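Chemist: Just dropping this structure here.
The values are calculated or read from the model by the stated rules, or taken from the named source; none is laboratory data. The shown structure was predicted, so the numbers you read here are calculated from the model rather than taken from an experiment. Note: ideal-geometry Cβ built from the backbone for every residue, glycine included; neighbour counts use all protein chains shown.
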Amino acid sequence: MTAVLEIEGLRKTYRSRKRGVRHALDGFDMRVEAGQVHGFLGPNGSGKTTTLRTLLGLIRPNGGRMALLGQELPRALPAVAGQVGAIVESPQFFPHFSARDTLGLLAQAGELPRQRVDEVLELVGLRDRAGERVKTYSLGMKQRLAVASALLKNPKLLILDEPANGLDPGGIREMRSLMRDLAAAGMTVVLSSHILGEIQLICDSVTIISLGRRVAYGPVDEVLAAHSQGAVRVRLEAVTDLPQAADTLSRAGVRVTTEADHLMLAGVDKPATVSRLLAERGLYVSELTPVAVDLESVFLELTATAPVPGQHRQVDQSTKVEGGWGA
Amino acid sequence: MSLFVTELRRLAKRRVTRLLLVLLVLGLAGVATAFSFSSHKLSKEVVAAAQVEADHQYRQAVKDWERTVADCDAAKARGEATEERFGPNCGRDWQPQPEMFDPKWNLPYQFDFRAEFPTFIAVFAGAVALFAFIVGASFVGAEWSTGGMMNLLLWRPKRLAVLGTKMAALLTTVLGVTVVLGAFWTLAFWLIGRYRGTTVKVTAGVWRSIGLDGLRAVGIVLAIGAIAFALASLGRHTAMALGAAVAVFAISEIGIRIAVGVLSIPFGDRYVLSTYAQAWFMKQVKLFDYDACQFAKGQCEPAELLVTWQDSALVFGLGAAVVLVAAFWAMRKRDIA
């Protein structure tokens, strides 16, 4: 597949007399294929927004390579900017202009037909409120306007930083549906979000960043599978057989945790093996369920940001990886 | 070109631009209207009445003088001391003369377009420069602080071209406002001169001189607009330009004046910006060093220093250039976060 977005070894270092040296991006890699909805995940301060700003020419990197739509950045940015729609961080607009004025000025600057403004206003559900000043908008409405501004160019690549922020449940569902429709129409979407359930639902692939480095990437199901650790829950017809079953499976090299009424197994490649091993000992399985992991647990595991009782995790307090999974 | 037109539209749509333009027009119209009421056409009848009044005042003064001399003589005859009360020789040396009663003093104020309009050009330039400063600073300052500049750069990722186009749109607007309002301002005062004052001796040379004054006014207005724009862009906030203006005023007009006074630096006013603003409009300002005088040795002709409008051009031009270069350099180099 063709890569629409490529980043290799991207570095950005901030130097401050007070705070010293901070590597916001520390050799970050990313690749997004054409036509995908790609999730870009990371804890606060991990370098997501820095990556997007660097990609869009707002921040100068200290090193690394970037390409958009097959063209090297930053040299080709003016040439590809017309094909890239983006919102970065919270939506910010001039408060005294209406949504129509805001989009109209952008459309004029981009030499786009005026009718495109009405099209995107319709698309994001702001048609009837387009004449009102932006300062009267709720956060969710500003978010819709931001998405509208990114869609205005009818871009080949859409980069959205927290597009669901401030949206009501209906709005989140609409946004999800919109992303799917856009991807179906051939647009590549890069989605940065903390709503991991949403990402899991709508994204084809993900990149997870922590402390400025990629810790995981790939198709969502592959990332989940890679971190499921082959967990399987096993119940037997007779609870009293659990110790014998645990012993049998342990001897076969399976990691076993005995619970009150079942066993939890880890490192199982093929669940059928478990069934066969136990049956050979006259132990009959009543339930054999692979335990699925979700993106949230993978994210928390990879970034080491799961809450610990009694501790207050600080921003930037995250895992330090040395060539993470898939890196 | 589309960006330039967009920025012109954006500037025209801004509330602060519209509000300040209305205030500027109302303010200038108010000054012109008030001034038209304070000026009176000096007709032959008014001049004749002033002459009659002056003659009357002269005759009354002579009468009073004659009575005073007579009173003095009477007092002297009574043996009273008169010198302290009436002066030497009973004040005979102080006889009023006709030329002491100029009829002009009895005339109402009449606006003289030729002599006085240059001052009003400076007033006009001051008002429009204030407009240019606030509009220029807020145009880019608000764009930075509300995220508009970042949005625009996502569409047009050419930083210098975007900033330059924005500034060009600002200066074009300010130039348009200055020229149009300047034309109305000139017309208004010419009409005041024509119908409520005088427009005598307004020759082609006078118009040429007024034109040059107008050009200098346009120059200072554009320079101030550009400086405000550059300062706000440098600080990425409107308040940066306003703060810098207050700081420069405080340092130049208060701090430097106190410092040169304490250190007795000759021609201290040459270090003060308002001297150069004055020289810009008046064509030149003469500074005197009275401290060099030794009055004990008699009358003194103090040393002089001439500050010309060319000196002002150098000072303001250099100041504007430094701020503009810094703003564009920062735009090119600094991250946009």
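Chemist: I'm trying to understand the selection: among the residues of region B:109-166, which are part of a loop (DSSP other than H, G, I, E, B) and either touching a residue at least 40 places away in the same chain (Cβ under 8 Å) or out of contact with any Phe, Trp or Tyr (no Cβ under 8 Å at 6 or more places or on another chain) (or both)?
Modeler: Matches in region B:109-166: B:Tyr109, B:Gln110, B:Arg156, B:Pro157, B:Lys158.
Chemist: Let me ask you something else. Could you check region B:278-330 and list, in sequence order, the residues that are within 25 Å of B:Gly235 (Cα to Cα) and in contact (Cβ under 8 Å) with a residue 12 or more places away in the chain?
Modeler: Answer for region B:278-330, where residues must be within 25 Å of B:Gly235 (Cα to Cα) and in contact (Cβ under 8 Å) with a residue 12 or more places away in the chain: B:Val315, B:Phe316, B:Gly317, B:Gly319, B:Ala320, B:Val323, B:Leu324, B:Ala326, B:Ala327, B:Phe328, B:Ala330.
Chemist: Please list, ordered by first then second residue, the pairs with beta carbon atoms under 6 Å, 6 or more apart or interchain, first in region A:61-84 and more than 9 Å from every other protein chain (Cβ to nearest Cβ), second of a type in the set (D, E, K, R) and in a loop (DSSP other than H, G, I, E, B).
Modeler: Going by the 6 Å Cβ cut-off, the qualifying pairs are A:Gln83/A:Lys156.
Chemist: Name every residue in region A:103-125 that is at pLDDT 90 or above, touching a Lys or Arg at 6+ places or on another chain (Cβ under 8 Å) and more than 14 Å from chain B (Cβ to nearest Cβ), in order of residue number.
Modeler: A:Asp118, A:Leu121
Chemist: Moving on to the next point. Can you name every residue in region A:85-102 that is facing chain B (nearest Cβ under 9 Å), touching a helix residue (DSSP H, G or I) at 6+ places or on another chain (Cβ under 7 Å) and either surrounded by fewer than 20 Cβ atoms within 10 Å (Cβ to Cβ) or not in a loop (DSSP other than H, G, I, E, B) (or both)?
Modeler: A:Gly85, A:Ala86, A:Ile87, A:Glu89, A:Gln92, A:Pro95, A:His96, A:Asp101, A:Thr102
Chemist: Of the numbered conditions (1) without any contact (Cβ under 8 Å) to a residue 12 or more places away in the chain; (2) of a type in the set (Val, Ile, Thr); (3) touching a helix residue (DSSP H, G or I) at 6+ places or on another chain (Cβ under 7 Å), A:Val232 fails exactly one; give the number of that condition.
Modeler: All conditions pass for A:Val232, except number (1).
Chemist: Looking only at helices (runs of 4 or more DSSP H) that lie completely in region B:1-87, which have at least 3 residues being free of Cβ contacts under 8 Å to residues at least 12 places away in the same chain and exposed (fewer than 14 other Cβ atoms within 10 Å of the Cβ)?
Modeler: Hits in region B:1-87: B:15-38, B:44-77.
Chemist: Okay, moving on. Residues that are modelled with pLDDT of 90 or more and within 14 Å of another protein chain (Cβ to nearest Cβ): does region B:116-139 have at least one?
Modeler: Within region B:116-139 (the criterion being modelled with pLDDT of 90 or more and within 14 Å of another protein chain (Cβ to nearest Cβ)), the answer is yes, since at least one residue qualifies.
Chemist: On to the next question. What are the residues in region A:185-234 that are closer than 30 Å to A:Pro61 by Cα and hydroxyl-bearing (Ser, Thr, Tyr), if any?
Modeler: A:Thr188, A:Ser192, A:Ser193, A:Ser205, A:Thr207, A:Ser210, A:Tyr217
Chemist: What residue, among those in region A:274-294 that are modelled with pLDDT under 85 and either surrounded by 14 or more Cβ atoms within 10 Å (Cβ to Cβ) or not small (Gly, Ala, Ser) (or both), is nearest to A:Leu196 (Cα to Cα)?
Modeler: Selected residue: A:Asp294.
Chemist: Mind listing whichever residues of region B:178-212 are within 17 Å of B:Ala122 (Cα to Cα), buried (at least 19 other Cβ atoms within 10 Å of the Cβ) and either among the hydroxyl-bearing types (Ser, Thr, Tyr) or touching a strand residue (DSSP E or B) at 6+ places or on another chain (Cβ under 7 Å) (or both)?
Modeler: If the condition is that a residue be within 17 Å of B:Ala122 (Cα to Cα), buried (at least 19 other Cβ atoms within 10 Å of the Cβ) and either among the hydroxyl-bearing types (Ser, Thr, Tyr) or touching a strand residue (DSSP E or B) at 6+ places or on another chain (Cβ under 7 Å) (or both), then B:Thr178, B:Thr186 are the ones that fit.
Chemist: Right, something else. Do you know which of the residues in region B:143-171 that are within 7 Å of chain A (Cβ to nearest Cβ) and of a type in the set (Gly, Ala, Ser) is surrounded by the most Cβ atoms within 10 Å (Cβ to Cβ)?
Modeler: Only one residue tops the list, namely B:Gly148.
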